[in-house]
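Coordinate-derived values only; no laboratory data. The structure presented is a predicted model; accordingly, all values stated were derived computationally and were not measured. Counting neighbours? That spans all protein chains shown, and the Cβs are built from the backbone with ideal geometry, glycine included.
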Amino acid sequence: MKLSHKIRNLGRKTKLAVAALTLAVAVAVPFAAQAEFFPNRPTFDYNIAGNGDCSDPANPATQNGRCGSMNGPVFNSFINTPSYGDERSFVDARRSDQTAAGSYKNVLPDVTGGSKEIVVRMYVHNNANGTTNASGLGVARNTKVRVALPNVEGSALRAVGYISADNAAPQVVEDTVDFTSTERFTVGYKAGSAIMYNNGPLNGSKLSDSIVTTGAPIGFDALNGSLPGCFEYEAVVQITLTVTPKENPDLGITKQVRKTVAGQTGNWTEEVTAKPGEQVDWLVNTKNVGTVAMTDVVTRDVLPPHVALVPGSVKFTNANGSQTLNDAPLFGGGFNAGRYDPNDNSLITFTTTLKDDFTACEIRVRNIAFAKAAEFPNESKDNADVVIKKENCQPDEEVPQYKCESLQVTVGANRFAKFTAAASASGGAEIKRYKFTFGDGTPEFVTDKNVVEHTYAKDGQYAARVKVEVMVNNELKIAEGDQCAVALNFTPPTCVDNPNTPGNECAPCVDNPNTAINECVVTPGKPGSLPNTGPGAVVATFVAVTTLSSGAYYFVMRRLSGGF
């Protein structure tokens, strides 16, 4: 018998799965893995044909080939079939608005887009050989299909399909399908959507809604659970799910400004330039950009310095009209506009006069507005700027200044030292690099960082220094001084006399094996500061010290029982 159109066009599935539990729970989908069918079971290979006598034990197809099961019902264990491929992967899905070939997938993306409906499909095939049906051996009894749906919210959810029969071996087989989206969602069964297609009189029949609870009985010519073996009795079951994206509260706010001009409309921008004494208008747009209604929507504004509010200029506008507000609430705890449904918004405008209370020729001030709601307690904010620029003002010429402020050192075990330099530059001067010398003969270390680490090779006295390269008017200058030099002293081990040796000899120091501690204790030197005796003394210290130093410098998830 030819297969019906519904079954012939199933196609071969590419099976992807993910790390997750396979019961009715929400799961994350971090990576693609292997087919999530269960249990791992012997297969019948359609490519193994033989001599056609399935009663012949010598026929290669009798045990694991095209003959199928000669011992009773086995579900969905054929591989390499021309109509389906690998029957163990028997569950897939598509969005209801995706009708092109190849739309059914094992990992279905973007389920919150489009129709927001999912069609889940299950392929059912009793692999018992057709010759065993007459005796009843090959007929599956109490055959049911069931789909376990996730009952939680997530951005990657999994459904599990089950086929079962009382006399099948194994009694239950299962497979999974995953739904993903960039936003969180839930899925629910669409009542009355379960349908079965087959090659018999039940083609297009409705199945019980118990398909998503205890399981729905199926069959070939009656929904009585009796399903004979062989390809001509195969069936396809599908159900439809509804997708509900998570309701997300989200409150948007934008802040804009313009120079005050009588009778104007529009011309709002994020920044304007104006003179002291001029006026500017400010606009705050608060909008519910989420998917749920919000209550107690509060908008507030923080006036910057160098501006003065024009009394009585605060106005509120929404879909119901406009009104003048008292000045205080907006600039205090905020103005509560009440409930905003999704896409509702309001506008608040006010005017300020720019003050001439600063010494520079121009200054930038920033006005920040905030919005929150009972369902959105973390405030949204936005800002707009005004550059207040004085006329006929010549700025004072800045004098470049730069200085090496200090050099600090922290020492640790094994002659480790961490140096931290501090320097400043202003008036157009710019710090470029730090040049460290450690006083032990190692090369000068040049870096754009002000912190370096160094380990000295041997005990001794050292003088470390930093010079700071500064760019001034396109010319490289050096900032240095005694304040940016530091002395270090690493001393040899201090010996503790051994009480078990005559005379308490201290040289050489030998640890006493009869005590629980090391008597040979190394006391690291501590950083000091160079004497403040002028440049000549610093140079003398470096000369003395450097003569002493020498240089060196899937899951494939296993089910709760068994796995593969």
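If you plug the beta carbon distance of Asn267 and Glu183 into 1/(1 + (r/R0)^6) with R0 = 60 Å, you get a FRET efficiency near 0.95.
With a ≥ b ≥ c the root eigenvalues of the C-alpha gyration tensor of segment 251-389, is it rounded (a/c under 1.5), prolate (a/b larger than b/c) or oblate? Note, shape of segment 251-389 comes out prolate. Ranked by the mean number of other Cβ atoms within 10 Å per residue, highest first, peptides 171-181, 391-401, 206-216 order as 171-181, 206-216, 391-401.
Here segment 312-352 and segment 187-241 have alpha carbon centers that stand 59 Å from each other. Using C-alpha pairs below 8 Å separated by at least 6 residues, the relative contact order for segment 5-245 is 23 percent. Centre-to-centre separation between the Cα atoms of segment 414-477 and those of segment 281-306: 50 Å. Which of rounded, prolate, oblate describes segment 5-245, given a ≥ b ≥ c as roots of the alpha-carbon gyration tensor eigenvalues and a/c under 1.5 marking rounded, otherwise prolate only if a/b is larger than b/c? Cα axes put segment 5-245 in the prolate bin. Taking the Cα atoms of segment 65-125, the ratio Rg/Rh between the radius of gyration and the Kirkwood radius comes to 1.11. Arranged from fewest to most other beta-carbon atoms within 10 Å of their beta carbon, His306, His454 become His306, His454.
Hey, got the dipole for segment 251-389? About the Cα centre, +1 on K and R Cβ, -1 on D and E Cβ, debye to the nearest 20? If you can, show how the numbers build up before the last one.
Values: 14 positive and 16 negative charges, 28 e Å.
The calculation lands at about 140 debye.
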